[in-house]
Amino acid sequence: MSDTRDTILSRLRTNRPHAVPAPDVYRKPLNWDREQCITSFTERMQAVRGEVHRVGRNAWIDWINTEIPCRDMTRALIGHGAIAENFAAGASAAFELTRYDRKIEEWKDVLFHEIDFAITGSLAGLAESGSLVLWPDTSEPRLMSLAPPLHIALLEADRLYENFAQMIEQEDWADGMPTNALLISGPSKTADIEQTLAYGIHGPKALITLILE
Amino acid sequence: MPAPERAYFFATCLIDLLYPKAGLAGMQLIRRAGVEVIFPEDQTCCGQPAFNSGYRDEALAVARAQLACFRRDIPVVVPSGSCAGMIKAHWPELFAGQPDEAQALAVAARTYELTEFLVDVLDIQLADLGEPVKIAVHTSCSARREMGVADCIQTLLAQLDKVEVLTQDREAECCGFGGTFAVKQADIAGAMVKDKTDALRATGAERVISQDCGCLMNIGGAFEHQGDGPATQHVAEFLLERTS
Amino acid sequence: MNQTREFHHRIDDALHNDQLRSNFRSAMTGVMERRAQQFPDDDQLQALREQAQAVRANSLVKQPELLERLEQKLTENGIQVHWAEGSEQANAIIHGILEAAGAKTVVKGKSMVSEETELNQYLEQRGIQIIESDLGEYIIQLAKEPPSHIVMPAVHKNRFEVAELFREFHPDIPYTEDVDELTQTARQVLRTRFANADAGVSGVNFAVAETGTLCLVENEGNGRLSTTAPRLHIAITGIEKVVEKLSDVPPLLEILTKSATGQPITTYFNMISRPRQPNELDGPEAVHLVLLDNGRSRIRVDEELLDTLRCIRCGACINHCPVYVQLGGHAYGTVYPGPIGIALEPQRLGLDQAGTLTSACTMCGACAEVCPVKIPLPKLINRLRAESVNEQRTTTPLSGRGSLRKPSEATIWKLWSRLNSHPRLYRMFTFAATRLRWLTPGKLGAWTRYRSAPRPARQSLHDLARKEGFSNE
């Protein structure tokens, strides 16, 4: 197989096309302040049926305790770390809490069929596209934001970037990428049948972002 | 650029044989604006039919035979977006590496589509002497995308105050002529011209005007075959008629 | 001219299918409008296209170095890299990986490259169950049809046809024609498959050499599920998909989603750089990337034709093509339809296999106008026409050069050339044509099937110019 590799590479090295100027780094400065970022993020999310609420930094647990049980969702999934501990300490008795604390192979069926919602944090948000940025890890694994029908994400208000180009550059993503990095821009959707938009296909049917201030 | 004293007129083979009155109208419009129009007798064709069929050597032979006709450093005016586009956009490719490449590029550099010449170079002013009329405009794909002169025909028509321009659905969609395409893929072309004629007819326009006789031959011919539809006319003929 | 005759049969079928053409007309109109809404400012659009073109052109110039760097970084990250020259080899590699892992069930995200290699059939023949998870791909898998569009594979089907398919294959679920309910059926049916599949197979939208990262774009979540839930993930991509830097990604992502579906961004953008790490609780434990050539390195040898490889598979050219909307995707008979199809497939498969496709183009330029990476599609298609009728034009490594040359047509063009390069001969011809115009036949073959026959004027413009006193010199 290294033969194949060599064959392909040597063919690519023959007749090299003429050099072209290296592309400029793409920047799209919008010069938005925090309020404008929050407004844009909210509008873009809402345009694709994402729910967005601004809550006090210490009020998000109360918000979930008040708003979620009446949606008939009580089986909650949390990970580890500050968000998980705080929620565990303050969660309404209406909720049944599960922790994501073992390998997925050991409890796949429960995750896929018996969890109503998961609560995660986020690394940041992108205002222009209305996107949450997640770097899932051991404390909040990948499937938390994917398998349950509802995903609730906490976003710090001062962690809103204008756009992806800005974030990649300012946080020097090129220095090292995680196992998995995600941009999540709404609940899952499809338009594969007659180009008619339908929400909630394979990923979460609903996405709630709580902007913490 | 200031208005030139004289200009060449490139008939295009289609107009020469099938729609000479359109060509003559173009020449008369330019002459009326005070420019001497030169019609080199030895001109024939820009080479496009062969070029689009893949026969580039044959296209080159024909294209190069035009160079001797347009030697002087004066504009070459072409009453067709398609043929002007061939000269401007494709002669550079066709003549690349050829001994007469520089000559061809020189001709291409001073080639104008007719409405482009009337608006951008002559800035002609028109007074409408005709009766009120509703028209639709079909801009050829070449005029629109290769020559970028869709706005020129609109500018000229906007000067005619008794002419109402109606807009058809899917205005920018190809009519299906495509030169040899209409013969090589006749049934696809037939489907495309049907959609185009349906859209034009639906506007209620009395006439369809265009910068390109190829499209008009396609669209007008389809209207005739279908048995009803607006008349079709080249923009030069229409402008001359309205202003004489 | 077997390929020509077969193409005409497929065209014929397509043009007679009114339902199909109506489906396509409404689908294409909608997707064009949605794209236009994403680009209200033309200056910004053109600047973004310049940027995207520069990124892709740069990647192609540096391609061998970038592929080596990509391989190096991926390997450091723990992702295993394989190279495949052609379809057979790619399929065998993937099958080998599945077999070694004891994988019997595969859940698949969308991959046009896997259509090239016919991976699904290959694996099914070897006893591996493979299910498409993207809704559009799932629908056509049930219907046993190939995709008719590179982004919207089931665009040719209406809801009634989908309802029928679901009735047939999910008899336990009550019949419905409601799009939301059909969507929920797909969610329900595929959910267990995601959870229980032994392996996931996916394509790749961009492969970043700088960091060793595979990027995937999607709306449904099936891509993330296929690449996260099973223990094994195999990605397959064409070698031209590599980009140099992470900073190359944002402009490509932006112009891809806006051009493809008229969205500012897709629901998910998934960036994979590693398999599951020792302390992580989910994600595949093994991740593989298959780099497929399948003719791409040969295309790159030609300085003009290599522009074809800039393609980021957005489908905008297909959406804007006035021929595609009349035919739909299946008529082309190739993996890639529409303008990118007729530019790429004759190069990939040979002019002797697919060269006839180049006739399905009016050179209108609508495709080039919207291409996010500014591929000059009409120019490439015209070049392929020239190569198909003349073997000796160039020595480019394109198979089947000259294979569409017909001696009768070549003769006609030779005569045409002689006529039009000899002014006196030309004037004699036009004189005869005008004076004998009454001899013009009323039926002119295919032309008069749809239009009246043109007839020479009484006098040529040459005649009129002379008469009206226009000087010759």
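The values are calculated or read from the model by the stated rules, or taken from the named source; none is laboratory data. The structure displayed is predicted, hence computed values, not measured ones. Note: ideal-geometry Cβ built from the backbone for every residue, glycine included; neighbour counts use all protein chains shown. These area figures cover heavy atoms from the full protein model, side chains too; ligands, DNA and RNA do not enter into them. Shrake-Rupley method; radii C 1.70, N 1.55, O 1.52, S 1.80 Å.
General observations
- Only one of the numbered conditions (1) farther than 30 Å from C:N91 by Cα; (2) open to solvent by 40 Å² or more (accessible area, probe 1.4 Å); (3) at the interface with another protein chain (Cβ under 7 Å from one of its Cβ atoms) is violated by A:R13, and that is (1).
- Entry remark, region B:196-216: residues being buried (at least 21 other Cβ atoms within 10 Å of the Cβ) and not β-branched (V, I, T) number 10 in total.
- Of the candidates B:R170, B:R110, the single residue that is touching a Ser or Thr at 6+ places or on another chain (Cβ under 9 Å) and among the charged types (D, E, K, R) is B:R170.
- Selected residue (criterion: surrounded by the fewest Cβ atoms within 10 Å (Cβ to Cβ)) from residues of region A:164-193 that are modelled with pLDDT of 95 or more, at the interface with another protein chain (Cβ under 7 Å from one of its Cβ atoms) and part of a loop (DSSP other than H, G, I, E, B): A:P178
- Among the residues listed as A:S129, A:S122, A:S145, the single one being open to solvent by 30 Å² or more (accessible area, probe 1.4 Å), of a type in the set (S, T, N, Q) and at pLDDT 95 or above: A:S122
Each row is one residue, and each column tells you yes or no for (1) under 43 Å from the mean Cα position of the chain (by Cα); (2) open to solvent by 30 Å² or more (accessible area, probe 1.4 Å).
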site	(1), (2)
C:S403	yes, yes
C:T411	yes, yes
C:H422	no, yes
C:A432	no, yes
C:L439	no, yes
C:R451	yes, no
C:L461	no, no
C:E468	no, yes
C:S471	no, yes
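- Considering region A:194-211, and only residues there that are on the phi < 0 side of the Ramachandran plot and open to solvent by 10 Å² or more (accessible area, probe 1.4 Å), the residue that is farthest from the other protein chains (Cβ to nearest Cβ) turns out to be A:A206.
- For the residues A:S145, A:S129, the requirement of being in contact with a helix residue (DSSP H, G or I) (Cβ under 8 Å, 6 or more places away or on another chain), of a type in the set (S, T, Y) and facing chain C (nearest Cβ under 10 Å) singles out A:S129.
- Test result for A:A89, free of Cβ contacts under 8 Å to residues at least 40 places away in the same chain, surrounded by fewer than 16 Cβ atoms within 10 Å (Cβ to Cβ) and not in a loop (DSSP other than H, G, I, E, B): yes
- If the condition is being within 9 Å of chain B (Cβ to nearest Cβ), in a helix (DSSP H, G or I), small (G, A, S) and closer than 27 Å to B:Y8 by Cα, then region C:421-473 contributes C:A433, C:A465.
- Pairs, first over 11 Å from A:I193 (Cα atoms) and more than 7 Å from chain A (Cβ to nearest Cβ) in region C:170-190, second assigned to a loop (DSSP other than H, G, I, E, B) and not charged (D, E, K, R), C-beta under 7 Å, six or more apart: C:T185/C:H170; C:T185/C:I173; C:V189/C:H170
- Within region C:143-164, the set of residues being surrounded by 17 or more Cβ atoms within 10 Å (Cβ to Cβ), free of Cβ contacts under 8 Å to residues at least 40 places away in the same chain and away from chain A (no Cβ under 11 Å) comprises just one member, C:A143.
- Selection count, region B:7-37, where residues are out of contact with any Leu (no Cβ under 7 Å at 6 or more places or on another chain), of a type outside the set (A, V, I, L, M) and more than 9 Å from chain C (Cβ to nearest Cβ): 4
- Top-ranked residue of region B:1-37 - restricted to ones that are assigned to a strand (DSSP E or B) and among the aromatic types (F, W, Y), ranked as surrounded by the most Cβ atoms within 10 Å (Cβ to Cβ): B:F9
- Of all residues in region C:352-380, those that are in a helix (DSSP H, G or I), open to solvent by 20 Å² or more (accessible area, probe 1.4 Å) and closer than 25 Å to B:L94 by Cα total 6.
- Subset of region C:382-395 (residues that are facing another protein chain (nearest Cβ under 10 Å) and open to solvent by less than 60 Å² (accessible area, probe 1.4 Å)): C:N382, C:R383, C:L384, C:R385, C:A386, C:E387, C:S388, C:V389, C:N390
- Of the helices (runs of 4 or more DSSP H) that lie entirely inside region B:78-162, those containing 2 or more residues that are in contact (Cβ under 8 Å) with a residue 24 or more places away in the chain and under 25 Å from B:P40 (Cα atoms) span B:81-85, B:91-94, B:101-109.
- The selection criterion, being under 27 Å from C:E210 (Cα atoms) and touching a Leu at 6+ places or on another chain (Cβ under 9 Å), does not hold for C:L98.
- Here A:V110 fulfils each of the conditions (1) in a helix (DSSP H, G or I); (2) facing chain C (nearest Cβ under 9 Å) apart from (2).
- Residues (within 10 Å of chain A (Cβ to nearest Cβ) and open to solvent by 20 Å² or more (accessible area, probe 1.4 Å)) located in region C:199-215: C:E210
- Residue within region B:38-52 that is touching a strand residue (DSSP E or B) at 6+ places or on another chain (Cβ under 9 Å), more than 7 Å from every other protein chain (Cβ to nearest Cβ), surrounded by 21 or more Cβ atoms within 10 Å (Cβ to Cβ) and outside any helix (DSSP H, G or I) present: yes
- Within region B:149-190, considering residues that are open to solvent by 10 Å² or more (accessible area, probe 1.4 Å) and in contact with a Gly (Cβ under 8 Å, 6 or more places away or on another chain), the one nearest to the other protein chains (Cβ to nearest Cβ): B:V183
- Residue within region C:30-51 that is touching a residue at least 24 places away in the same chain (Cβ under 8 Å), surrounded by 21 or more Cβ atoms within 10 Å (Cβ to Cβ), polar (S, T, N, Q) and assigned to a helix (DSSP H, G or I) present: yes
- Filter result for A:R99 (in contact (Cβ under 8 Å) with a residue 40 or more places away in the chain and open to solvent by 40 Å² or more (accessible area, probe 1.4 Å)): no
- Selection from region A:149-165 of residues that are in contact with a Phe, Trp or Tyr (Cβ under 8 Å, 6 or more places away or on another chain) and farther than 27 Å from A:I201 by Cβ: A:L160, A:E162, A:A165
- Enumeration of residues in region C:69-86 that are open to solvent by less than 30 Å² (accessible area, probe 1.4 Å) and either more than 29 Å from C:E345 (Cβ to Cβ) or more than 10 Å from chain A (Cβ to nearest Cβ) (or both): C:L70, C:L74, C:N77, C:I79
- Only a single item in (1) among the charged types (D, E, K, R); (2) at pLDDT 95 or above; (3) in a loop (DSSP other than H, G, I, E, B) is not met by C:D248, and it is number (3).
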